[in-house]
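Reading through the structure tokens given below for one structure.
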Amino acid sequence: MTALLRVEGVSKLFDRKGKPSVEALRDINLSINEGEFVSIVGASGSGKSTLLRIIDGLLAPTKGEVLVDGQRVTRPGRDRAMVFQQDSLLPWKSVIENVAYGLTLAGRPWAEASAVAQRFVTMTGLAGFESHYPHQLSGGMRQRVNVARALAVDPRILLLDEPFAALDAQTREIMQSELLSIWRESRKTVLLITHQIDEAVFLSDRVIVFSARPGSVRQEVKVDLPRPRELTLKRDPRFVRLVDDIWQLIEAEVRQGLKAG
Amino acid sequence: MKGIIEFLEQETRLASFMRIVFSILCVLVIWQLVATVVTNRLLLVPPADVAVALWKETLDGSMWTNAVATVTAVVTSFIVSVIIGIAIGLGLASSRLLSLMGGPALSALNSVPIIALAPLFVAWLGLGFASKFVLVLLVAVFPVVVTTEAGLRATDKPLIEAARSFNATPWQIFTTVTFPYALPFIVSGIRVSWARALVGIVVAEFFGSFAGFGFAILSASQTFDTARVLGYVFVLGAMGLLGSVAFATLERRLAPWRQE
């Protein structure tokens with residue numbers, strides 16, 4: 001298999017006025033294959049969100065480079081789309097307009113953009129809510145819009161930045177299994193950032209464990225649980241063991257973070 | 001009693017209209033009561049006398065003359081000050097340098113009671129439209145400048161980031177994110193501007209004009225015609241209220257998500 005996304009030796013320093021700069025990422029190397037679902041987990045402060053922004057092209061790395069299909073990433077592009085945490089939807093646009101947003105920015109006429117958007121509205125279970133506004137929707141529905149908006153531009157790589165972090169536990173579970181079926185249907189390559197270990201294991205083919213300050217790859221864990229996966233998998237002993245192994249890896253850092261906090 | 005309160009608390013158009021009617025009625029009743037105690041008609045006249053004075057003014061055409069003078073001056077300079085205010089606000093929000101250099105000068109100007117310069121403007125620009133125009137412009141422009149800049153700067157960072165992530169150009173970010181976000185802020189500035197414009201026009205007319213509500217108030221008070229004074233004040237109040245309600249409605253329409 002060929003790697004669709006390659007992160008090569010990426011480091012990131014943030015300059016701060018009058019203070020020593022902060023090293024957010026140190027020498028990250030990753031490679032993700034076409035169609036793969038990969039998650040990055042790590043304690044807060046492990047720079048995982050920063051890495052996602054570098055891959056998306058929103059931030060430039062201090063050292064190293066990101067390659068998509070061999071092409072160096074310098075700015076956001078059509079081949080990648082990001083699903084953000086809560087509240088990145090435009091509050092004055094309806095659901096269908098939000099989903100079509102990326103397409104209208106790309107200059108597609110409204111008739112075409114809305115037709116494409118409608119397909120993803122349906123796929124994400126938002127049918128019937130097209131003319132609702134974000135403030136009229138629940139958190140889970142808003143994140144569906146967020147996912148649909150990213151899918152609508154038909155990217156090759158879907159980048160998800162803790163997409164379910166702001167949702168309650170039950171909604172999160174449902175959204176996870178919905179994300180899996182959307183992934184099966186759309187056959188995208190997915191890179192997900194999360195601090196929820198069980199979420200990462202449940203969704204992914206591989207989990208990359210980050211260590212914090214500076215963020216670096218600590219270990220890669222292969223998840224060879226069968227697909228398609230149902231939520232009941234979370235009670236499977238193999239699943240529980242994987243989650244536990246990963247927790248062991250980052251527990252010390254989480255505790256340290258609490259003290260430093 | 002409880003039923004009335006519940007009705008008035010509703011967010012319907014009828015309820016908000018009734019709220020206004022009720023509070024105006026209250027003022028009229030209190031006014032009427034005070035006027036039965038204070039019987040010196042030089043100091044205070046009851047509402048009915050004011051209504052009669054207004055009616056007379058309307059019949060002899062002076063209401064129309066004054067309204068034309070005041071409304072044309074205040075509306076033109078109000079519109080111009082909104083346009084200039086938005087333009088300056090855009091400039092300040094888009095350029096750090098401009099904001100750092102122009103900001104202090106503007107806030108200094110804003111804290112000067114510009115109304116006090118009215119006699120000077122009359123001396124410079126003469127009696128009539130020009131001096132009114134400039135004075136109203138100067139008092140009304142600042143709220144729009146301030147809210148435009150604040151609104152454009154207040155835009156949620158995640159919204160801008162999302163737009164950038166979809167490859168939006170800076171111009172697209174402005175038209176699809178920052179400007180729509182700032183619009184309700186700007187309208188709230190416009191609402192304040194309208195109230196200040198009305199104060200500005202009256203003062204300008206006190207000092208330099210031969211027609212207009214301010215001129216009429218001044219001349220009526222010089223002949224101790226209290227009913228006529230209050231009549232014109234009432235008209236000005238109605239103009240202020242109308243603008244305030246209209247812009248508040250517009251603000252709510254533009255940003256329905258803020259109420260919830």
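The values are calculated or read from the model by the stated rules, or taken from the named source; none is laboratory data. Bear in mind the structure is a predicted one, so any value in this text is a computation, not a measurement. FYI the Cβ positions are ideal-geometry reconstructions off the backbone, even for glycines, and counts take in every protein chain you see. These area figures cover heavy atoms from the full protein model, side chains too; ligands, DNA and RNA do not enter into them. Shrake-Rupley method; radii C 1.70, N 1.55, O 1.52, S 1.80 Å.
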How large is ³J(HN,Hα), in whole Hz, for each residue of segment B:86-97 in order, when computed from phi with the Karplus curve 6.51 cos²θ - 1.76 cosθ + 1.60 and θ = phi - 60°, using x for Gly and Pro? 5, 4, 5, x, 4, x, 5, 6, 8, 10, 4, 4
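Take A:K19, A:K48, A:K93 and sort them by solvent-accessible surface of the protein heavy atoms, 1.4 Å probe, largest at the top. All intermediate terms of the calculation are to be shown ahead of the outcome.
On the way: A:K19 125, A:K48 15, A:K93 45 Å².
From most exposed to least exposed: A:K19, A:K93, A:K48.
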Roughly how many nanometres apart are two label points built 7 Å out from the Cα toward the Cβ at B:I5 and B:M101? 5.8
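Just to confirm the filter: which trypsin sites (Lys or Arg not before Pro) across segment B:2-103 are DSSP coil and have at most 12 other Cβ within 10 angstrom of their Cβ? Before the final figure, lay out the partial values.
On the way: sites: B:K2, B:R13, B:R19, B:R41, B:K56, B:R96; in loops: B:R41.
Qualifying residues, ordered by number: none.
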Given unit charges at Cβ for Lys, Arg (+) and Asp, Glu (-), the dipole magnitude of chain A about its Cα centre in debye, nearest 20, is 540
7 Å from Cα along Cα→Cβ at both A:Q170 and B:F17: what's the point-to-point distance in nm? 4.4
Most mobile of A:S49, A:S181, A:S21 per a Gaussian network model of chain A (Cα springs, under 10 Å)? A:S21
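With a sphere of radius 13 Å drawn around the Cβ of B:A35, what net charge do the other residues whose Cβ falls strictly inside it have (Lys, Arg +1; Asp, Glu -1)?
0
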Can you pull the accessible area of B:E251 for me, 1.4 Å probe, Å² to the nearest 10? 40
Out of every Cα pair in segment B:74-255, what percent are spaced more than 30 Å from each other? 30
What nm distance separates the two modelled labels at B:S244 and A:L258, each placed 7 Å from Cα along Cα→Cβ? 5.5
Dipole axis of the protein assembly as shown (+1 Lys, Arg; -1 Asp, Glu on Cβ), positive-most option in A:A24, A:G125, A:V223: A:A24
Cα centroid separation, segment B:158-185 to segment B:88-145 (Å): 29
Over chain B, with a Gaussian network built from C-alpha contacts below 10 Å, which listed residue (B:T58, B:T169, B:T155) shows the highest mean-square fluctuation? B:T169
Considering the options A:V209, A:P155, B:V144, tell which one lies farthest towards the positive end of the dipole of the protein assembly as shown, charges being +1 on Lys and Arg and -1 on Asp and Glu at the Cβ, about the Cα centre. A:V209
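Over chain B, what relative contact order in percent results from Cα pairs under 8 Å that are six or more residues apart?
Working: 279 pairs, mean separation 60.7, N = 260.
After rounding, I find 23 percent.
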Step through the table entries A:K19/A:K259; A:K63/A:K259; A:K63/A:K188; A:K17/A:K93; A:K234/A:K259, compare each Cα-Cα distance with 26 Å, and write down the pairs that go over it. A:K63/A:K259; A:K63/A:K188; A:K17/A:K93; A:K234/A:K259
Extension gain B:V29-B:V80, at 0.36 nm per residue separation less the Cα-Cα distance, in nm? 14.4 nm
GNM flexibility winner over chain A from A:Q85, A:Q176, A:Q136 (Cα, springs under 10 Å): A:Q136
Listed by chain and number, the residues whose amide H is under 5 Å from that of A:I28, excluding neighbours fewer than 5 places away on the same chain and using placed H, are A:G9, A:V10, A:S11
Net charge dipole size for segment A:87-186 [Lys, Arg +1 and Asp, Glu -1 on Cβ; Debye, nearest 20]: 180
If you place +1 on the Cβ of every Lys and Arg, -1 on the Cβ of every Asp and Glu, and leave all else neutral, what size is the dipole of the protein assembly as shown about its Cα centre, to the nearest 20 Debye? 660
Placing +1 on the Cβ of each Lys and Arg and -1 on the Cβ of each Asp and Glu in segment B:74-255, which of B:F213, B:L198, B:L97 has its Cα farthest towards the positive end of the resulting dipole? B:L97
